[in-house]
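For reference, the structure discussed in these notes is given below.
The values are calculated or read from the model by the stated rules, or taken from the named source; none is laboratory data. Please read all numbers here as calculations on a predicted model, not as lab measurements. Cβ: placed from backbone, ideal geometry, glycine included. Neighbour counts: every protein chain shown. Protein only, heavy atoms only, side chains kept; ligands, DNA and RNA dropped before computing areas. Shrake-Rupley method; radii C 1.70, N 1.55, O 1.52, S 1.80 Å.
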Amino acid sequence: MVEYTRRAFMGFCGAAAAFAGFGGVVKAFDGASETDLLRPPGAQDELRLLASCVKCDRCRSVCHTGVIGVAEVGDGVVRARTPKLNFHRGSCDFCGDCLRVCPTGAIGNFDPDVDKVGVAVVQKDRCLAYYQGCVECERACPFEAVELDDAGHPVVNAERCNGCGVCEEICPALVYRSFAGGARRGIVVVSPSRFAALGTTVVENESEMNAS
Amino acid sequence: MKRDAKLLRTLSALAVVALVCLGLAFHAGTGTPSAWGIYDIAAICPIGAVEVALAAKTVVPPMLIAFAIGVVLVLVFGRAFCAWGCPVPLLRRIFGSGSSREAAKDGAGKRKRLFRSSKLDALDIPNSKRGGAGDSRNWVLGGALLSTAVFGFPVFCLICPVGLTFATIVALWRLFQFNEVALSLVVFPAVLVLELAVLRKWCSQFCPLGALLSLLSRLNRTFRPTTDEGACLRSSKGEPCHRCAEACPEGIDLHDPTASAPLNECTKCHACADACPMHAITFSFLPKSTKEKGASPEAKEKDRMLQ
């Protein structure tokens, strides 16, 4: 019995050390509380999401617009399999289904008038309004957060915008003009932390959009 | 008792995969075995729930309900998930990296080793000690929960073979549906192979989910294997028949409590019932009552016939 108790203690220490090493490395490289990933409405508290998400896939599966996708290993080891929004597949109408099916509270309550999934940002070198005139996003925005300035360029009202993504989904920029230069569009919803870093809803180009 | 439980187990595990795929195809929101349900009602993986509670340091009512449903399922069916729902035995069967049954027997030291001994054999323990403090699965469980509490996210979920199997299916699904090429498609299967091929005795030596199910199954009294003593060659005729004990992947010997693993380790796989030449082993919902009503007169009758 003594032998087993000592063996058990050593074994437990070994297992704990292995998990501590693994968890520590993952946490150190990848445990940031801020992310550029767009999360489902009510899942903006990144640390709470990382703590609570069991990667069950229910929110992604239940989403009727298909906007909820799945983060992959390239988004970070600890973030792999967590839900992320992709506005090329749909946009959010705040139906609340993802909140309803989440069994762990990783997705919380969300008020579309107050809370933000993210903020839409216009990228000048992609936006068609800067070349030939386009009013798609202004017409589509359900929250009247996109206005046109005197030159006919869309301007996002960051106060009103809650990041629903309808503008990005409907934006025809890369769909009609070019397939080169990646998957970005003329108007792109960025995460709240990315918006805080940008401080503006209009950027010149991709590098300004991604500047850290 | 039909003798094709092995086929039924394979079909059952495939049915779990098929149900997940149905949920994927119809956007039903039913989920994966990590948490599975309809709308507000779900059963959550017990180790996932405990990890979340430790990491988030809060428990929301839906999770409490989902956890309670999961626990009730374990109380009724014991470790049946291990044999009937878990994709790991299925993967082993498909890719043939040595069945978990052989691995477990190997671990119990009851049979010739099928593979060359590895350093990990040091983790082998006598069957009777299974589920105790000397069981390496419990160390893994403890280490996983401790690190989860320290780092604030479910650490084991990142490498859980069940989760990774279904994550791979979801990633494949999205590859075909949206052309989404992801690093996950390489990393998830690689981790799976690492766990199941290198840690060959994953189920019997490492799996913390199995360890937690064993702990919860201590309260399980239903669907336990029971022997019709009148029919059993060993108890009725004294013949040295050990087929049920040899067949058991968990090291349970229904006739020798001192050498047997505790009965809460039973995964209800029915291998013992299939192996018994006299069909003497049954898995009834409540063994005692059925014995009093049915088996006892039957046993008497068999005794009479034998005389």
Exercise. Within the group B:199, B:192, B:216, which residue is farther than 26 Å from residue B:283 by Cα, surrounded by 14 or more Cβ atoms within 10 Å (Cβ to Cβ), within 26 Å of the chain's Cα centre (by Cα) and away from chain A (no Cβ under 12 Å)?
Worked result: B:192
For this session: Could you check, for segment A:42-56, whether at least one of its residues is farther than 17 Å from residue B:56 by Cβ and crowded, with 23+ Cβ neighbours inside 10 Å?
Result: no
Exercise. How many residues are open to solvent by less than 40 Å² (accessible area, probe 1.4 Å), of a type outside the set (A, V, I, L, M) and out of contact with any Pro (no Cβ under 8 Å at 6 or more places or on another chain) when one looks only at segment A:73-85?
Worked result: 4
Exercise. Any chance segment B:123-140 includes a residue that's open to solvent by 20 Å² or more (accessible area, probe 1.4 Å), of a type outside the set (Val, Ile, Thr), over 20 Å from the mean Cα position of the chain (by Cα) and within 27 Å of residue B:266 (Cβ to Cβ)?
Worked result: no
Exercise. Mind checking whether some residue in segment B:21-38 is in a helix (DSSP H, G or I), open to solvent by less than 20 Å² (accessible area, probe 1.4 Å), within 14 Å of another protein chain (Cβ to nearest Cβ) and at pLDDT below 95?
Worked result: yes
For this session: Check off (1) touching a helix residue (DSSP H, G or I) at 6+ places or on another chain (Cβ under 9 Å); (2) at pLDDT 90 or above; (3) not in a loop (DSSP other than H, G, I, E, B) for residue B:121 and give me the number that stays unchecked.
Result: (2)
Exercise. Going by the structure shown, is residue B:188 touching a Ser or Thr at 6+ places or on another chain (Cβ under 7 Å), in the same structural domain as residue B:82 (by the TED database) and closer than 26 Å to residue B:131 by Cβ?
Worked result: no
Problem set entry | Residue within segment B:1-15 that is closer than 18 Å to residue B:167 by Cα, at pLDDT 90 or above and open to solvent by 20 Å² or more (accessible area, probe 1.4 Å) present | yes
Exercise. Quick one: is residue B:167 over 19 Å from the mean Cα position of the chain (by Cα) and either hydroxyl-bearing (Ser, Thr, Tyr) or surrounded by fewer than 23 Cβ atoms within 10 Å (Cβ to Cβ) (or both)?
Worked result: no
Exercise. Filtering segment A:61-74 down to residues that are closer than 16 Å to residue B:157 by Cβ and not in a loop (DSSP other than H, G, I, E, B), which residue is nearest to the other protein chains (Cβ to nearest Cβ)?
Worked result: A:73
Seminar exercise, completed: Within segment B:126-167, residues within 8 Å of chain A (Cβ to nearest Cβ), within 23 Å of residue A:73 (Cα to Cα) and aliphatic (A, V, I, L, M) come out as B:144, B:150, B:155, B:158, B:159, B:167
For this session: Pairs only if they're at least six apart or on different chains, beta carbon under 9 angstrom, first in segment A:1-25 and at the interface with chain B (Cβ under 7 Å from one of its Cβ atoms) and within 14 Å of residue B:137 (Cβ to Cβ), second part of a helix (DSSP H, G or I) and at pLDDT below 85; list them, first residue then second.
Result: A:11/B:123
Seminar exercise, completed: The condition from (1) facing another protein chain (nearest Cβ under 7 Å); (2) farther than 26 Å from residue A:159 by Cα that residue A:48 misses is numbered (2)
Exercise. For residue A:33, are the conditions met, namely being open to solvent by 10 Å² or more (accessible area, probe 1.4 Å), free of Cβ contacts under 8 Å to residues at least 24 places away in the same chain and within 18 Å of the chain's Cα centre (by Cα)?
Worked result: yes
Exercise. Which is touching a residue at least 40 places away in the same chain (Cβ under 8 Å), within 16 Å of residue B:141 (Cβ to Cβ) and of a type in the set (A, V, I, L, M), of B:209, B:196, B:219?
Worked result: B:209
